[in-house]
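A short reminder: the numbers here are calculations on the coordinates, not readings from a lab. Here the structure is a predicted model, which means the values were calculated and not measured. No Cβ is skipped: glycine too gets one built from the backbone with ideal geometry, and neighbour counts run over all protein chains shown.
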Amino acid sequence: AYNYMKYNSWDKIEAWISSMASSNPSLISTQVIGTTFEGRAMTVMKIGKQSSSTKPAIFLDCGIHAREWISPAFCQWFVKEAVETYGSDAQMTSLLDQMDIIVLPVFNIDGYAYTWSNNRMWRKTRSRRSGSSCIGTDPNRNFDAGWCTTGASSNPCSDTYCGSKPESEVEVKAVADYIRRNLSTIKAYLTVHSYSQLLLFPYSYSYQLAAHHSELLQVAEGAAEALRSLYGTRYTSGPGAATIYPAAGGSDDWAYDLGVKYSYTFELRDTGRYGFLLPESQIKPTCEETMLAVKYITAHVLENL
Ligand code: 0X9
Ligand code: ZN
Ligand code: ZN
């Protein structure tokens, strides 16, 4: 059986995506949305009860940053829980009856594979460009949202390199194209990072408050309270710029400005003791508590369709 309580290599995750889809055909369909710089297929899993009409959807991605291993572990956990609890858990059942959750289990696959093979602390993509021997762009600085104006670097050797232009990274372009193509159905954008125990929403490229600031804050605080109810884990909620740091080119700000109102970035456990090297013993509790926050947000999105 698949071990959700361990970190899994890309090869294992890739095989898991296929096997989950083939063993749950009534709940999961897959679609390849692009190819990474090194040629790996980017596959999204659409989770939801099949319907003849197009359902509203939530886009959930994990693994934008390669070294944040708890993030892909959460996307896998989410899919497992969805499949296991559909039909028994009332909230999950009504969610999947009414909406589709589109899960991208690993956004930055090349970077993730590199953290397994060469450098555990790699963050960026693995793209090469002429004129520099340094490799990779920060995918969360490469979206077209105040691109490279603050908290990002134009130096290709930096860990926060914004790329040669917005969407220069094929992985970013693939996700942005998918969301643009499906914009009329996508009601929320959730992206999972680590670490710091934060629930962030726009803006990060500016200190300006989002048009829906008070609703976004209220939902974030409710989600953080739900998360805390399980093991007492404390999260801080707020707009990215003021809560973590100003940083342009992020997926959350981009999705929000495109029109996806409920746009949130999770920064999962911990607050720095283990940081990116979160022990496997914390995978289950971290994922279980995060499920409560994600379900809280989805319930709010459902109420406001
Ligand atoms: O800096 C980031 O991209 C995220 N933190 S991390 O430690 N996982 O790298 C925070 C992203 C917040 N949102 C934006 N900056 N748009
Ligand atoms: Zn990150
Ligand atoms: Zn609500």
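Things to note:
- Residue identified as surrounded by 16 or more Cβ atoms within 10 Å (Cβ to Cβ) and among the polar types (S, T, N, Q) among Ser71, Ser26: Ser71
- Applying the criterion of being in a loop (DSSP other than H, G, I, E, B) and within 11 Å of ligand 1 (Cβ to nearest atom) to the residues of segment 248-271, the residue that is surrounded by the fewest Cβ atoms within 10 Å (Cβ to Cβ) is Ala248.
- One residue stands out in segment 229-247 among those that are part of a helix (DSSP H, G or I) and either crowded, with 22+ Cβ neighbours inside 10 Å or within 20 Å of the chain's Cα centre (by Cα) (or both): the one that is farthest from ligand 2 (Cβ to nearest atom), namely Ala241.
- Sole residue being among the aromatic types (Phe, Trp, Tyr), touching a residue at least 12 places away in the same chain (Cβ under 8 Å) and farther than 16 Å from Tyr189 by Cβ, chosen from Tyr264, Tyr235, Tyr256: Tyr235
- Residue in segment 206-217 that is touching a residue at least 24 places away in the same chain (Cβ under 8 Å) and near ligand 1 (Cβ under 8 Å from one of its atoms) present: no
- Scope segment 198-228; condition more than 16 Å from ligand 2 (Cβ to nearest atom), among the aliphatic types (A, V, I, L, M), within 20 Å of Phe143 (Cβ to Cβ) and surrounded by 24 or more Cβ atoms within 10 Å (Cβ to Cβ); matching residues: Leu216
- Selected residue (criterion: farthest from ligand 2 (Cβ to nearest atom)) from residues of segment 248-294 that are under 28 Å from Ala82 (Cβ atoms) and among the β-branched types (Val, Ile, Thr): Val260
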